[in-house]
Amino acid sequence: MGKFGDVNKIIHHINEKLEPLGFIVNNELIKGEEYIILNSERMRNPSNKDSTRENEPFVNVKEEYLFNSKLKKNEISLYYLIIEYIISNNKNLKIDIGDTTYKSLCVQLNIKNAHTQKNILDKFIFYNWIEKKSGELTLGIRFFTDLIKFFPLNNLDKCSLCNNAIIVENKRCSHCLSVYHPHCFNHLAEKLSLCFVCKNAL
């Protein structure tokens, strides 16, 4: 560690070695936790295909990540429906109570057997694509590390501190109603005790 000085220098050194192999390491803050993420540069967004690389094999990036978790096509389709619901409605998906639920999305794809529904959900949770909290499904850590860049988040509020999209969970300044990620809000409260926008006490 002494040779490199800090994490950013270590990551820079690692990326110099990984670049010829087509990989890259990123340092990301996700839900207030710091993650070091290894990604493949060859797995590109289909909408951004580089014409200078037309001879390279081209894959659907999102499906490549999900197939690596041994998900079948109908399971991937179900996962997309779950993510689309959470992002479009900016709220978690209930498992079995309400108009749109995990079970109703399963039925929409003709996955009607309760045991099969449970097994698929267990697989999503095991591979960290989905998290289960208080009877609701929310985005898992793998969504943030692998897939978030491939989903449009333009309709969501931006955090007043980090300027990244806020999905479902948020906190607001009681004075100006500026919106924050919970971890960004807590960080401000601990360090400054002031709203980043209006400078009033949090």
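Please go through (1) modelled with pLDDT of 90 or more; (2) of a type in the set (Ser, Thr, Tyr); (3) loosely packed, with under 14 Cβ neighbours inside 10 Å for Ser134 and return the number of the only condition it doesn't satisfy.
(1)
For region 108-117, check the following and say yes or no: at least one residue is within 22 Å of Glu33 (Cα to Cα), of a type in the set (A, V, I, L, M) and surrounded by fewer than 15 Cβ atoms within 10 Å (Cβ to Cβ).
No; the residues of region 108-117 include none that is within 22 Å of Glu33 (Cα to Cα), of a type in the set (A, V, I, L, M) and surrounded by fewer than 15 Cβ atoms within 10 Å (Cβ to Cβ).
Going by what's in this entry, would Leu153 be described as surrounded by 18 or more Cβ atoms within 10 Å (Cβ to Cβ), closer than 29 Å to Asn164 by Cα and either in contact (Cβ under 8 Å) with a residue 60 or more places away in the chain or over 16 Å from the mean Cα position of the chain (by Cα) (or both)?
Judged against the criteria, Leu153 is not a match.
Please work out if Leu139 is under 24 Å from Ile76 (Cα atoms) and touching a helix residue (DSSP H, G or I) at 6+ places or on another chain (Cβ under 9 Å).
Here the answer is yes, as Leu139 does meet what is asked.
Evaluate the following for Cys173: is it touching a His at 6+ places or on another chain (Cβ under 9 Å) and more than 22 Å from Lys94 (Cα to Cα)?
Answer is no for this residue.
Within region 156-202, how many residues are hydroxyl-bearing (Ser, Thr, Tyr), out of contact with any strand residue (DSSP E or B) (no Cβ under 6 Å at 6 or more places or on another chain) and surrounded by 15 or more Cβ atoms within 10 Å (Cβ to Cβ)?
1
Please enumerate the residues belonging to region 118-133 that are in a helix (DSSP H, G or I) and within 21 Å of Lys91 (Cβ to Cβ).
Matches in region 118-133: Leu121, Phe124, Ile125.
Go over the candidates Lys123, Lys158, Lys132, Lys191 one by one and state the one that is more than 21 Å from Ile36 (Cα to Cα) and either over 20 Å from the mean Cα position of the chain (by Cα) or small (Gly, Ala, Ser) (or both).
Lys191
Return the pairs, sorted by first residue and then second, in which the second residue is polar (S, T, N, Q) and assigned to a helix (DSSP H, G or I), the first residue lies in region 71-89 and is over 15 Å from Asn119 (Cα atoms), the beta carbons are less than 8 Å apart, and the residues are 6+ apart or on different chains.
Correct list of pairs: Leu81/Gln108.
Of all the helices (runs of 4 or more DSSP H) wholly in region 1-109, which have at least 2 residues that are closer than 24 Å to Pro152 by Cα and at pLDDT 90 or above?
So the answer is 73-89, 102-108.
The values are calculated or read from the model by the stated rules, or taken from the named source; none is laboratory data. Please read all numbers here as calculations on a predicted model, not as lab measurements. Positions of Cβ are backbone-derived with ideal geometry, glycine not excepted, and every protein chain shown enters the neighbour counts.
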